[in-house]
């Protein structure tokens, strides 16, 4: 029997795979993580490894709630934000449902929705769930809170849900976040991966109405947040305010990198966050291959439907200089 099963979504962050294959270290500009994360000490009590985590994650949710001014029953946690996207779709979109996802954007929304059995809609007003990434990946566009509240109002008009992924907002402008908005038709997703530069520690969390959160918590696998991830999250949440310094340094370095890339004849889409979408006006496969040979990884945006674009993370000045040298050497 033929089954229309979606193919795996293409992601960046392939530096470890490249290291394992070539045994050579690379500079991974395909992974958009904070180049200036807050520094703090943390540890995982070895005694915690001898016990299962508390699957209610009560203490962890209390801390998240204190930081974001939400009640613990409005908070869910998971093994990275991807797990929560999948579980949300299983809970909300199973059956004869429809979803809307703008293009270009993070491919996991449509993928997870299709896995749950949902079909795409032509516009948000025809969808049971409308997904939005703010700031958007890969464009770096940040919508203001007023615009998002208007979208939530429109979804409420037909009892649809707005799913707002704010994985990058702590590195952009947290004042535009919907994390403090309580609405039965809103789910807001957050992650520590990007902000604290810890993609190896999988931890995501979300905010929603208590009945939705309860269903998500029941549906996710038990103990999905391991002891190391929980210990790191508990300490990182104390340092959320320290990300203000990260945002300022990223802004300065992004401006510099944009200027340098533009000087090579490329177009940089305006970005509010720690990555830049670069229009190269040519198929970028050869450019990406050439950079890879020079141990520089960038995000080929063909999977976003943008075959003439790359996405580059904003890294430190020394690393960005190496990127610029490599791009210049790879130009025809």
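The values are calculated or read from the model by the stated rules, or taken from the named source; none is laboratory data. Remember, predicted model here, so these are calculated numbers, not experimental data. Ideal geometry is used to build each Cβ from the backbone, glycine not excepted, and the neighbour counts take in all protein chains shown.
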- prompt: All but one of (1) out of contact with any helix residue (DSSP H, G or I) (no Cβ under 8 Å at 6 or more places or on another chain); (2) buried (at least 16 other Cβ atoms within 10 Å of the Cβ) hold for residue 245; which doesn't?
  reply: (2)
task: Among the candidates 125, 162, single out the residue that is within 18 Å of the chain's Cα centre (by Cα) and either assigned to a helix (DSSP H, G or I) or modelled with pLDDT of 95 or more (or both).
output: 162
Single residue of 277, 257, 291 found to be touching a residue at least 12 places away in the same chain (Cβ under 8 Å), farther than 28 Å from residue 144 by Cα, surrounded by 22 or more Cβ atoms within 10 Å (Cβ to Cβ) and not assigned by TED's automatic domain parsing to the domain that holds residue 174: 291
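From 6, 37, which residue is under 24 Å from the mean Cα position of the chain (by Cα), part of a loop (DSSP other than H, G, I, E, B), modelled with pLDDT of 95 or more and more than 16 Å from residue 311 (Cα to Cα)?
On the way: 6 fails: modelled with pLDDT of 95 or more.
After applying the criteria, what remains is 37.
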- request: Determine if the range 56-63 includes at least one residue that is closer than 30 Å to residue 124 by Cα, assigned to a loop (DSSP other than H, G, I, E, B) and touching a helix residue (DSSP H, G or I) at 6+ places or on another chain (Cβ under 9 Å).
  value: no
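Okay, residues lined up against (1) outside any strand (DSSP E or B); (2) closer than 21 Å to residue 143 by Cα; (3) at pLDDT below 95:
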| site | (1), (2), (3) |
| --- | --- |
| 251 | yes, yes, no |
| 255 | yes, yes, no |
| 258 | yes, yes, no |
| 261 | yes, no, no |
| 272 | yes, yes, no |
| 277 | no, yes, no |
| 287 | yes, no, no |
| 291 | yes, no, no |
query: Does the range 232-254 contain any residue that is in the same structural domain as residue 96 (by TED's automatic domain parsing), in contact with a strand residue (DSSP E or B) (Cβ under 6 Å, 6 or more places away or on another chain), in contact (Cβ under 8 Å) with a residue 40 or more places away in the chain and closer than 26 Å to residue 30 by Cα?
result: no
task: Go through the range 124-148 and count every residue that is farther than 27 Å from residue 305 by Cα and surrounded by 15 or more Cβ atoms within 10 Å (Cβ to Cβ).
output: 1
message: Among (1) in contact (Cβ under 8 Å) with a residue 60 or more places away in the chain; (2) buried (at least 21 other Cβ atoms within 10 Å of the Cβ), there is one condition residue 100 misses while meeting the rest; what is its number?
response: (1)
- prompt: Which residues, taken from the range 185-230, are assigned to a helix (DSSP H, G or I), in contact with a helix residue (DSSP H, G or I) (Cβ under 8 Å, 6 or more places away or on another chain) and farther than 16 Å from residue 80 by Cβ?
  reply: 210, 212, 213, 214, 215
message: Cβ contacts < 6 Å: first residue farther than 13 Å from residue 260 by Cα, restricted to the range 310-323; second residue assigned to a loop (DSSP other than H, G, I, E, B), any location; separation 6+ or different chain. Result?
response: 310/284; 310/298; 311/138; 313/29; 313/32; 315/35; 316/35
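Output yes when any residue across the range 75-84 is exposed (fewer than 14 other Cβ atoms within 10 Å of the Cβ) and touching a helix residue (DSSP H, G or I) at 6+ places or on another chain (Cβ under 7 Å), and no when none is.
Our first condition is that a residue be exposed (fewer than 14 other Cβ atoms within 10 Å of the Cβ); within the range 75-84, this holds for none.
No, there is no match, as no residue in the range 75-84 is exposed (fewer than 14 other Cβ atoms within 10 Å of the Cβ) and touching a helix residue (DSSP H, G or I) at 6+ places or on another chain (Cβ under 7 Å).
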